[in-house]
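The values are calculated or read from the model by the stated rules, or taken from the named source; none is laboratory data. Note that the structure is a prediction, hence the values are computed from the model and not measured. Note that we place each Cβ from the backbone using ideal geometry, even for glycine, and neighbour counts take in every protein chain shown. Remember, those area values only see protein heavy atoms, side chains included, never the ligands or the DNA or RNA. Shrake-Rupley method; radii C 1.70, N 1.55, O 1.52, S 1.80 Å.
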Amino acid sequence: MKISLLTTLLVAFLLLFTNGIRAQTTQTKLNQVELMKQFAGTWKSEKHDTAYIIDDKLYGDGHEVYLRTETKGKIIWEAKTLMGYNKKNDMLIESFIEYNSPNIKLSAIRFLSPNKFIGILLEEISNPEKATEKDIYELKSPDLMINTYIKNNKVVSIDTFKRVK
């Protein structure tokens, strides 16, 4: 009797102890779709006489984004993107096309924290640490965002965007 009670207590203790260990290492899954919604709006970054504008509009649970660069009020570059969620890989996929180019780029976007995401080319998703290009966006406040563009593991630019609307 004492042996079976002792065995039962030991098994119960081990089950509780191992469940506690698993519970401590489990991370909360980030809701990629909901987190991306906080970036919707019009954002602007200015350097000298050049403005970089991101106009991110919700399209259902996805996004339609218009990007442009203006110098002295004249558009010198523009592109459009569509972004949606890929449930299988738990990431956002973005299609990107520039105005005067038939070429399309596909990017994989994933939140690293509730206010920070990284975008890399979809073709490089199997080895993101070695991606040739990375865009990191971080929301510092509801109206302030930082974009860090990295190419070949070197920071090329850091831009501060302010929400216009």
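Which residue is surrounded by the most Cβ atoms within 10 Å (Cβ to Cβ), if the candidates are limited to the stretch 35-46 and must be touching a residue at least 60 places away in the same chain (Cβ under 8 Å) and among the aliphatic types (A, V, I, L, M)? The extreme case among them is Met36.
So, Ile120, is that one in a strand (DSSP E or B) and touching a Pro at 6+ places or on another chain (Cβ under 6 Å) or not? In short, yes. Take the stretch 47-69 and flag every residue that is open to solvent by less than 60 Å² (accessible area, probe 1.4 Å) and among the aromatic types (Phe, Trp, Tyr). Of everything in the stretch 47-69, just one residue is open to solvent by less than 60 Å² (accessible area, probe 1.4 Å) and among the aromatic types (Phe, Trp, Tyr), namely Tyr66. Taking the criterion of being on the phi > 0 side of the Ramachandran plot and surrounded by fewer than 16 Cβ atoms within 10 Å (Cβ to Cβ), would at least one residue in the stretch 99-112 satisfy it? No, the conditions are met nowhere in the stretch 99-112. For the stretch 24-37, the count of residues that are outside any helix (DSSP H, G or I), at pLDDT 95 or above and among the basic types (Lys, Arg) is zero. When residues in the stretch 83-94 are screened for being more than 14 Å from the chain's Cα centre (by Cα) and within 15 Å of Gly60 (Cβ to Cβ), 1 of them pass. Taken together, Lys88, Lys165, Lys140 contain a single residue that is outside any strand (DSSP E or B) and within 16 Å of Phe39 (Cβ to Cβ), which is Lys165. Looking across the stretch 153-162, the residues that are modelled with pLDDT of 95 or more and within 19 Å of Gly119 (Cβ to Cβ) come down to Lys154, Val155, Val156, Ser157, Ile158, Asp159, Thr160, Phe161. Taking the numbered list (1) farther than 22 Å from Lys29 by Cα; (2) open to solvent by 60 Å² or more (accessible area, probe 1.4 Å); (3) free of Cβ contacts under 8 Å to residues at least 24 places away in the same chain in turn, Thr148 passes all entries but (2).
Would you be able to say whether some residue in the stretch 125-133 is basic (Lys, Arg) and either at pLDDT 95 or above or surrounded by 13 or more Cβ atoms within 10 Å (Cβ to Cβ) (or both)? Checking the stretch 125-133: not a single residue is basic (Lys, Arg) and either at pLDDT 95 or above or surrounded by 13 or more Cβ atoms within 10 Å (Cβ to Cβ) (or both).
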